[in-house]
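See below for the structure under consideration.
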Amino acid sequence: MVESKDPSGFPPQIVKQYGVTKAISVAGPTEADLQRSLELDKFLVDSGLYESKDEAVKREEVLGQIDRIVKDWVKQLTRQRGYNDQMVEEANAVIFTFGSYRLGVHGPGADIDTLCVGPSYVNREDDFFGILHNILAETEEVTELQPVPDAHVPDLDISQGSVLYNIDEQTVRSLNGCRVADQILRLVPNVEVTGFLGGVNWALLVARICQLYPNAVPSMLVPRFFRVYTQWRWPNPVMLCAIEEDEVGFPVWDPRKNPRDRTHHMPIITPAYPCMNSSYNVSTSTLRVMMEQFEFGKKVCEEIELNKSCWGSLFEPYNFFSKYKNYLQVDIIAADTDDLLSWKGWVESRLRQLTLKIERDTFGMLQCHPYPNEYVDTSKQHCAHCAFFMGLQRKQGVAFQEGQQFDIRATVDEFRQSVNMYMYWKPGMEIYVSHVRKKQIPLYVYPEGYKRPSVSERRHKKKQVGEDDTKPNKLEKQASLSPGRQKSPPSDDSGKIETCSSEGNLKRKDYESSLNPDRVEKRGRVSPSSEEPVSPTENASTGKGTASSWRGQLGTYTKVGDKA
């Protein structure tokens, strides 16, 4: 507890302390703050970011149906284990919710994170991922069912620490999702005002701001969120409460004892025992991207507070494909949509490793920005596929030598080999990693056509010091993806990126021709000197082919001009 002084002479007011430090300010909102909160709420409503009553009811119905299914499943298993009729009747399973739904900060279409707790004689491998999976697969209403038995399940506690005795670490992680949600609700004042952010990491960051400004309204919390985290000295951890040591013996986040914890770049610690870093997957590159966006949000909020801008400026879409001059394109292919669903989930969960490997092998000089959106070329219907992209740029503010190259062929091959270790791999499951320039980005990533950067983005870009696009870009590529392939002669550009795809060395423009024949003609105008033989595996004019015909077409590319 802390005391707040009252200038009127009345006895000091006792203010409750939330979190590990005192509040920065206990001031309440002004009339202007309240008005801006109303404007923010109106913007969110008009943008369709609140769930409708019908959708809320539908969620309750779905949860009820899942609850009935798991209860019947447990009774069935109990009977199969040979227990008597009374035990079968009393056998039960319970569904708990956690994540954004439990916190009440989910939006339309958001998923519902659930935890199933059942008797100790029900096992995870055969019963949960086997029998229950089959029951759900046969349920007519269930679509896109994908088991992930090796997932790193979020942390949780079902309120009392005693439930953690005599259980394995995977079960502890499963339980902690619910415990974390409950702890956030307990440790944060006025938690209902933070309903416009979702995801446990973002929820924890927002919760800390709510602790530091316990009487603030949404229009006050948003600017303070960006103000605090632009100044945060990472890797100092964000914590809602002190890390709890417990006699149960599970490891907790402690960089003094655990060497792996010292490598974390942006620790956001969960409040329930055993306390873990919920953002262990953040890399130096992704932290850089987030810090840039925190700074952008801070500047926009300052303009909103000065009535020079509106809330819509803060929510303008991020124009990823205008940000960088170089990209990695990761194409994922499978024989059919069912195989693609499982294969894509596996590859997507491993994309972080590609970012880390590139940072490792270039000593942090080549930075990656993985983009979470997936893209599908709707004109290519004969093969199940999707693509992800990563932005690439040289580390800013560091001097480099003329002629310096980034050869990441071995890095990409190592990543592909690790991905191809997938336990459930089937013929037709393929992955290809390609380096493309900004002008080579396929048109299908722009479903509504190419859009120029927004006004606020351009204004922010002008203010940035050392912006990548304000300097001549020194990254260039070579037509060299097969490990045994001869490198192209160096161009006048002083820096290059080389990627590899060991299974193919046919030209990328063959692949592009199967997606969009007009694109090849446009590519030729960009670099008329880069003529290469066309692959015979697919007719570019018809675009017909099979999954196998893609194998060689995502390999190499011709060299393009120096300008982006």
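The values are calculated or read from the model by the stated rules, or taken from the named source; none is laboratory data. Computed from a predicted model, the values in this text were never measured in an experiment. Ideal geometry is used to build each Cβ from the backbone, glycine not excepted, and the neighbour counts take in all protein chains shown. Only protein heavy atoms, including side chains, enter the accessible area calculation; ligands, DNA and RNA are left aside. Shrake-Rupley method; radii C 1.70, N 1.55, O 1.52, S 1.80 Å.
Observations on the structure shown:
- Three-way shape label, the stretch 228-339, alpha-carbon gyration tensor, a/c 1.5: oblate
- Directionally averaged projected area (convex hull, Cα atoms, the stretch 68-125), nm²: 5.0
- Segment K71-E141, length gained on full extension (0.36 nm per residue, minus Cα span): 23.4 nm
- Using a cut-off of 20 Å between Cα atoms, the listed pairs K325/K395; K298/K325; K344/K380 include K298/K325 as exceeding that distance.
- Cα-based shape type of the stretch 370-454, given that a ≥ b ≥ c are square roots of the gyration tensor eigenvalues and the cut on a/c is 1.5: oblate
- Computed with a 1.4 Å probe on the full set of protein chains, the accessible area for D54 sits at about 130 Å².
- Measuring with a 1.4 angstrom probe and ignoring ligands and nucleic acids, E348 comes out at about 80 Å² accessible.
- Taking all protein chains together and rolling a 1.4 Å probe, Y50 ends up with roughly 110 Å² accessible.
- Taking the average, over residues, of other Cβ atoms within 10 Å as the packing measure, peptides 228-236, 432-440, 319-327 rank 432-440, 319-327, 228-236 from highest down.
- Charges were assigned to the Cβ only: +1 to each Lys and Arg, -1 to each Asp and Glu. The resulting dipole of the stretch 390-445 about its Cα centre is roughly 260 debye.
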